[in-house]
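Taking it in order: structure first as C-alpha cells, then the write-up.
The values are calculated or read from the model by the stated rules, or taken from the named source; none is laboratory data. What you are looking at is a predicted structure, and each value in this text was computed from that prediction instead of being measured. Note that we place each Cβ from the backbone using ideal geometry, even for glycine, and neighbour counts take in every protein chain shown. Ligands, DNA and RNA are excluded from the accessible area calculation, which covers all protein heavy atoms including side chains. Shrake-Rupley method; radii C 1.70, N 1.55, O 1.52, S 1.80 Å.
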Amino acid sequence: MSAAAELLFDPFDPAFRADPYPFYDRLRAAAPAYWTPRGNVVLSRYDDVAWTLRSNDFSRDVEATANAPADPLVQAMRDRRRARAKTILNLDPPDHTRLRRLVSKAFTPSAIERLRPRVQQLVDDVLDRAEERGAIELVDELAFPVPFQVISDLLDMPVDRAEELRGWSQVITFGLEPTATLADLDAVDAAFAELIPYLLEVIERRRHDLGDDVLSSLIQVEEEGDRLDVGELIAFVTLLYIAGHETTVNLIGNATLALLRHPDELARWHDDPALGPQAVDELLRFDGPVQQTVRVPTTTVRYGEGSTAVEVPPGTIVTTLLGAANHDPAVFDDPHGLHLERPNAHRHLAFSAGVHYCLGANLAKLEAEVALGSLVRRFPGLRLDGTPTWRDRLTIRGADHLPLAVR
Ligand code: HEM
C-alpha cells in the first residue's frame, strides 16, 4: 500500500479530527469504498452508507462477528470491549428487537411531544439568567444541563451527582473513539466501576417505589424474569442515560457555532421561527455529533460497479462515515453550505438508518429545536465572547466550551 493511499483516512491525524469534511471529499472522490492499511473498509458515499445501514446482510455486533485482527493490540482492545454487557446498540435481531421494543413506547413522537412544555421551561430559565448577565457559557449552562435533566426526568434519576455523571460518561464515550488506547479503556473500566454501583443503588431503591418512568418499567420487565436480566437492565439504563445527553449536548454546541458562522441563516431563523424542525435537520446534516459507526457484513457484499467495484468479504469491519454521507454532493447541493431551508435536509444520516436508527431522535430534535429556536429568537445579537474549545473526537464530536455574549 502506498503512503499516499494510507493518507486517505487517518483518524490519528489531528487535522482530520479538527475538520474532517475536506478529507471526506478527497476520500469520496478517490476511493469511496476504501481499504485501510488495517484491513477495514471505509465508506464515504451517501448511497453506500445508507444501503449498508439498512441492509440485513450486516451485523452491529462487531466483537462477535469481525475477523480476528492481525494486530495483538487491536485484539486486546476487542477482548476488553467484549467483556462488557451488550446493549441494543451492539445487538442484532432478534435480541435487538426484543430489547428495543421494551422502551420504544417512551420515545414515540407523541410521547416526546408531551415533554415540550418541560423542555421549554428548562430552556427559558437558563436564558432568563443569561439575559440578566448578558452572557452565557453555552455548553455548561444550556447544552449539557437541559438534555441531562430531561433524560433524568424520563428515567426519574436523581440529578444531585450530575457533574460526576458527566465526567464518567465523557470517559466512557471516549472508549468509542477509533483512536482510543488500552489506557483509555482502563479509564472506561474505572468509570464503569463507579457508575454501575451508583445505578444499582438507584435501581434497588426504585424496586420499592415504582413509578411511571422508563426505569421503573424496565425494572418491572426484569422482575417478570423472562425478557430482561439484570445485566441487560444495567447496560440498557447506562446506554439511555449516556446517549440521552452526551450526543445532544454536542448537537446544540455544533449547531450554535454553525449559526454564528452563518449570520444570514441565524437572521433567517430569527425572522421565521416556524423554520425550527427543518433548521434542526439541516444543522444535523451540516455538522452532526456522531460522525461514524461500524457494521460487519455476514456475507460477501460489493460496492460500486465494473472494474472499480470493491468486494468485501464477511467479517470485515466496515466504517460508515455519516458525516461524509451528509456532505455528498450527489445528494445535497452545495453540501458544505448551511441552508436552513434546504428541501431535502431530512434525508441526512446523522441518526443512522435501519434497525439501529437512533431511538432518541425525536427527543434530540425536540431539545435542539426548543434550545436553539429560543436562543435565536431571544438573542438576535448573539456572538462569540471568547475562544471556543473543541473536543478532539470523531465518534461523538463537538465543542466543550462556547462562551457567548447575548446582547
Ligand atoms: C443529536 C443527538 C443524537 C445523535 C446525533 C444520535 C445518534 C445516534 C446514532 C448515529 C445511532 C445509531 C448508531 C448505529 O447505527 O450504529 C444512535 C443510536 C441510539 N441512540 Fe442516539 N443520538 C442522539 C441522541 C439520542 C438521545 C437523546 C437518546 C435518548 C435516549 C438516544 C438514544 C439512542 C439509543 C438507545 C440508540 C441505540 C438504538 C439501537 O441500536 O436500536 N440518542 N444514536
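Scanning the stretch 25-47 for residues that are under 20 Å from residue 299 (Cβ atoms) and open to solvent by less than 20 Å² (accessible area, probe 1.4 Å) returns 33, 41, 42, 43. Scanning the stretch 251-270 turns up at least one residue that is over 24 Å from residue 199 (Cβ atoms) and outside any helix (DSSP H, G or I).
Within the stretch 251-266, the presence of at least one residue that is over 18 Å from residue 384 (Cβ atoms) and within 11 Å of the ligand (Cβ to nearest atom) is confirmed.
Scanning the stretch 262-275 for residues that are among the charged types (D, E, K, R) and touching a residue at least 12 places away in the same chain (Cβ under 8 Å), we see that the one that is surrounded by the fewest Cβ atoms within 10 Å (Cβ to Cβ) is 268. Just one residue in the set 209, 184 is surrounded by fewer than 20 Cβ atoms within 10 Å (Cβ to Cβ), closer than 26 Å to residue 295 by Cβ and without any contact (Cβ under 8 Å) to a residue 60 or more places away in the chain; that residue is 184.
Restricted to the stretch 63-157, the set of helices (runs of 4 or more DSSP H) holding at least 1 residues that are within 22 Å of the chain's Cα centre (by Cα), within 15 Å of the ligand (Cβ to nearest atom) and among the basic types (Lys, Arg) comprises 72-82, 95-104, 116-133.
The set of residues in the stretch 47-76 being over 16 Å from residue 88 (Cβ atoms) and basic (Lys, Arg) consists of 54 alone. Restricting attention to the stretch 379-387, does a residue exist that is under 28 Å from residue 244 (Cβ atoms) and in contact with a His (Cβ under 6 Å, 6 or more places away or on another chain)? No, the stretch 379-387 has no match at all.
Of all the numbered requirements in (1) assigned to a helix (DSSP H, G or I); (2) under 16 Å from residue 10 (Cβ atoms); (3) in contact with a Ser or Thr (Cβ under 6 Å, 6 or more places away or on another chain), residue 42 misses one, and that requirement is (1). In the stretch 49-80, the residue that is most open to solvent (accessible area, probe 1.4 Å) out of those that are more than 15 Å from residue 316 (Cα to Cα) and free of Cβ contacts under 8 Å to residues at least 40 places away in the same chain is 56.
Only residues that are assigned to a helix (DSSP H, G or I) and either of a type in the set (Lys, Arg) or open to solvent by 10 Å² or more (accessible area, probe 1.4 Å) (or both) were counted across the stretch 276-301, and they come to 6. Condition check for residue 190 on (1) among the hydrophobic types (A, V, I, L, M, F, W, C); (2) within 20 Å of the chain's Cα centre (by Cα); (3) closer than 30 Å to residue 317 by Cβ: one failure, at (2).
For every residue, the table says whether it meets (1) within 14 Å of the ligand (Cβ to nearest atom); (2) at pLDDT 95 or above.
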position	(1), (2)
304	no, no
332	no, yes
347	no, yes
371	yes, yes
